[in-house]
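Okay, so here's the structure we're looking at.
Where a number appears in this text, it was derived from the coordinates with a stated rule and is not lab data. What you are looking at is a predicted structure, and each value in this text was computed from that prediction instead of being measured. Here the Cβ positions follow ideal geometry from the backbone for every residue, glycine too, while neighbour counts run over all protein chains shown.
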Amino acid sequence: MIAIGCDHAGVEMKKAVIEALSEKGFEFKDMGTDGEPCDYPVMAEKVCKEVLAGNCEKGILICGTGIGMSIAANKFKGIRAALCADSFSTRFTRLHNNTNVMCMGARTLGQGLACELAEIFLTTGFEGGRHQRRIDLITEIEKKN
Ligand code: RB5
């Protein structure tokens, strides 16, 4: 199950991602918004809590630029959120950073690209090895600060 949420800027892109990836067998828990204006940190919190509770394996967040969502999501201990705008970074943030939330900008990306990036994010595994050590160091920073 994938948690997905957006603010008012991301509603159409969220619908496109859900539609395209549902056809490929992914299941989504849609945390809103369905269109009413809202504040992106509120939506980021809803999605991150689903991931941290273990109800959803990953999360997708969409706002105008994806930046606000990524800032908010990275405030949660245990969330590693990446702003994704190209296929290389999207693939490598899974391989190397084991990110559990992806953020995208509805005003900066086309819907076709967003659907493609979401599929890359959801189908690429973590490489582990030396990258786990680096993630452990991030967790240490979380604990200390
Ligand atoms: C909302 O207008 C906009 O600020 C928001 O969607 C996002 O881009 C923030 O980072």
Notebook entry, point to check: Quick one: putting +1 on the C-beta of Lys and Arg, -1 on the C-beta of Asp and Glu, what dipole do you get for the chain around its Cα centre, in Debye to the nearest 20?
Noted result: 680
Next item on the list: Determine one quarter of the surface area of the Cα convex hull of segment 1-93, which equals its mean projected area, and express it in nm² to one decimal.
Entry: 5.6
Margin query: Between Thr124 and Glu12, what's the calculated FRET efficiency when r is the beta-carbon distance and R0 is 22 Å? Round to 0.05.
Written below: 0.30
Next item on the list: Positive end of the charge dipole of segment 32-127 (Lys, Arg +1 and Asp, Glu -1 on Cβ, about the Cα centre): tell me which of Leu113, Cys38, Met102 has its Cα farthest that way.
Entry: Met102
Next item on the list: Pick out which of Met13, Met102, Met31 has the largest mean-square fluctuation in a Gaussian network model of the chain, springs linking Cα atoms closer than 10 Å.
Entry: Met31
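Using a cut-off of 11 Å between beta-carbons, work out the net charge of the residues near Phe126 (Lys and Arg +1, Asp and Glu -1, Phe126 not included). Intermediate results must be reported in sequence, preceding the final value.
Values: positive: Arg80, Arg94; negative: Glu127.
The answer is +1.
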Notebook entry, point to check: Taking 1 over the mean of 1/r across every pair of different Cα atoms in segment 49-145, what Kirkwood radius in Å do you get?
Noted result: 13.6
Checklist line | Contact order relative to length of segment 1-141, as percent, for alpha carbon pairs under 8 angstrom and 6 or more apart | finding: 25
Item checked: Sorted by Cβ density within 10 Å, fewest first, the residues Arg80, Arg133, Arg107, Arg94 -> Arg133, Arg107, Arg80, Arg94
Notebook entry, point to check: Among Glu57, Glu45, which comes first, second and so on when ranked by fewest other beta-carbon atoms within 10 Å?
Noted result: Glu57, Glu45
Note to self: Over the chain, with a Gaussian network built from C-alpha contacts below 10 Å, which listed residue (Cys115, Cys103, Cys63) shows the highest mean-square fluctuation?
What the structure shows: Cys115
Notebook entry, point to check: For labels at Ala53 and Asn145 in the simple 7 Å Cα→Cβ model, what's the distance in nm?
Noted result: 2.9
Next item on the list: Taking the chain as the reference, fit the longest principal axis to its C-alpha atoms, fit the long axis of helix 87-97 to the helix C-alpha atoms, and give the angle between the two in degrees, 0 to 90, nearest 10.
Entry: 40
Checklist line | Order of Cys84, Cys38 under a 10 Å beta carbon neighbour criterion, fewest first | finding: Cys38, Cys84
Note to self: Students often forget the sequence filter, so: which lysines lie under 27 Å Cα-Cα from Lys24 once same-chain residues fewer than 8 apart are removed?
What the structure shows: Lys14, Lys15, Lys46, Lys49, Lys58
Checklist line | Computed helical MRE - 222 nm, the chain, DSSP H runs ≥ 4 contributing -39500 (n - 2.57), nearest 500 | finding: -15000 deg cm²/dmol
